[in-house]
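To start, the structure itself, in structure tokens.
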Amino acid sequence: MCGLIGILSREDAASRLIAGCKRLQNRGERSVRVVTFDGNLFHSHGGLKPPSLQFFDFDPRRLPGASGIAHTRYATVGDVDMASLERNIQPVLSDRPGMATCDNGDLVNIRALSRRLKDDGFSFQTQVDAKVIQNTLINHLISAKFYQARGVTGFARILFDCVRRSILEMNGAYSVLCLMEQGLLGFKDRHGIRPLSFAHRLDEKGEIVEWAFASESSVFNYFGDYHGITEVRPGEAVFVSHKIMDKPIQERLVEDREAFCFFEFCYFSRPDSTFKGHYVEVVRQRLGGILAEEFAHLKEDVDMVCGVPGTAITTGLAFAHALGLPYHQAIIKIGEKRSFQETTPDKRKKAIDDKYIFIRHFIEGKCIAIVDDSNVRGLTGQELAARLFSLGAREVRLLYYTPAIIGSCYYGIDTPNEEDLVAHNRSHEDIRGIMGCDGVYYISLDGLIRGLKIPKDQLCLACLTKDYPTDISISGC
Ligand code: SF4
């Protein structure tokens, strides 16, 4: 999971790219980089700080150009020493052709693809999927003699044929942006696992002056009057050029079953984003009502409800409202930290310790229902239960609006070993014991689907069902 933003405009793009990065910090803060193209040269700035710090006091005029892309990184591959993290900052660059590329997601067959590219003469100075994606595409572009293409449509025809060939070879989850001398390209894997949308901005005469791509639609709400927000379809490529600003060239290149990651709604995305016509925060609210239906009997035992900030407050409120229970914000989050972005269990535990404060007044002597988004490794729930008991809670019940997570994610979320998942091969009673609380309650899979209001066969639910949309047996090949 990472954040992408791309702009092709009649005006300099850097200030809006930087603003977009800051609004996609929820998707990654391990590193950030903005790359622009001024019609002659590519310009780049970035580093290992979160976007809000990396670009604090940065003058956007240092990145001239009317087109550009940017990336906020959540690291799931590569080493975590400083030198490796520096090397693995995206977007990655190429000279032949002039291109910058960034992606969100993970390739399942990255090793096989890298080996084949090395056989074809490519070398790798980075460990990130974006470089493999870029080199796969470049390999096809060079074979197709892209440099002989005539006009924008002639170039787009060759480009799309090369993207189609690349999608057919690349197994996994990827939403990609490529900044090229000829324009800006976005495309998605054949299942559309990770999000990517595009929109346009008009001038006062009603003419299109800008196209923008972003991982989350909410980015478009904050810096300009964007229209026509459209999600890139699974296996689709969208190309925009300065020479044809009135409409993008787009084509669904590979058709397959859609498998959009349900977790975008439950945890990853900003509450003000929409996917498939559904507001993330509204989905979270609906899931609170469904939790109340499924666990109505808790009304008899529980004194009060508290949603865990920042994702589960609306869900907790909906749960409390449906059962007629008091709601108190006994847990308050300080700062922007998301503990899943840490790279080791110790760092995750420290991030959890650092990010919450507790209001003893609401806690002492109470039986508390805590509503949270999901229970992956069990760390947050364990910490919260221990802290609530130490502050005098009589009972702690933990409710989750994501069903039990029993399978690893191979598509860009850092849960590589099933043994690390608290629900893997364990009964609810075993999990309750590990969490150190008085009850653990997961929404049902049917309840989740009802809350999402998206057909099950259009979603990736693999970490709940182990029904993976791609072949994962080749993982690590
Ligand atoms: Fe999302 Fe789970 Fe599928 Fe990974 S396995 S893409 S987290 S639904």
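Can you figure out the FRET efficiency of E169 with E207, using R₀ = 45 Å and their beta-carbon distance, to the nearest 0.05?
In this case the efficiency is close to 0.70.
Mind checking the full-extension length gain between L445 and L93? Use 0.36 nm per residue of separation minus the Cα-Cα distance, one decimal, nm.
122.5 nm
Once you charge only the Cβ atoms, +1 for Lys and Arg and -1 for Asp and Glu, what is the size of the charge dipole of the chain about its Cα centre, to the nearest 20 debye?
640 debye
Rank these residues by their accessible area, most exposed first, probe 1.4 Å: S52, S166.
Result of the area sort, largest leading: S52, S166.
Which chymotrypsin sites (Phe, Trp or Tyr not before Pro) in the stretch 25-67 sit in a loop by DSSP (not H, G, I, E or B) and have at most 13 other Cβ atoms within 10 Å of their own Cβ?
Sparse-neighbourhood loop chymotrypsin sites (Phe, Trp or Tyr not before Pro): F56.
Could you give the alpha-carbon Rg of the stretch 188-304 over 2.2 N^0.38 Å, rounded to two decimals?
1.39
Cα axis of helix 151-169 to longest principal axis of the chain: angle in degrees, 0 to 90, nearest 10?
Taking the Cα atoms of the chain, the angle to 151-169 is about 50 degrees.
For the chain, find the longest principal axis of its Cα atoms and tell me its angle to the long axis of helix 14-23, 0 to 90°, nearest 10.
20 degrees
Counting only DSSP beta bridges with both residues in the chain, tell me the antiparallel percent, nearest 5.
If I count the DSSP bridges inside the chain, around 80 percent turn out antiparallel.
Averaged over every viewing direction, what's the projected area of the C-alpha convex hull for the chain? Give it in nm², one decimal, please.
22.3 nm²
For S473 and D59, FRET efficiency with R0 = 51 Å and r from the beta-carbon atoms, rounded to 0.05?
0.55
Show me 215-224, 421-430 ranked by packing, highest mean number of other Cβ atoms within 10 Å first.
Put in order of decreasing packing, that is 215-224, 421-430.
Listed here are the pairs K243/K456; K145/K243; K49/K333; K145/K188; which of them are more than 30 Å apart at the Cα?
In this structure, K243/K456 exceed 30 Å between Cα atoms.
The values are calculated or read from the model by the stated rules, or taken from the named source; none is laboratory data. In this text the structure is predicted, and so the values were computed from the model without any measurement. Here Cβ is always computed from backbone atoms with ideal geometry, including for glycine, and neighbour counts include all displayed protein chains. Only protein heavy atoms, including side chains, enter the accessible area calculation; ligands, DNA and RNA are left aside. Shrake-Rupley method; radii C 1.70, N 1.55, O 1.52, S 1.80 Å.
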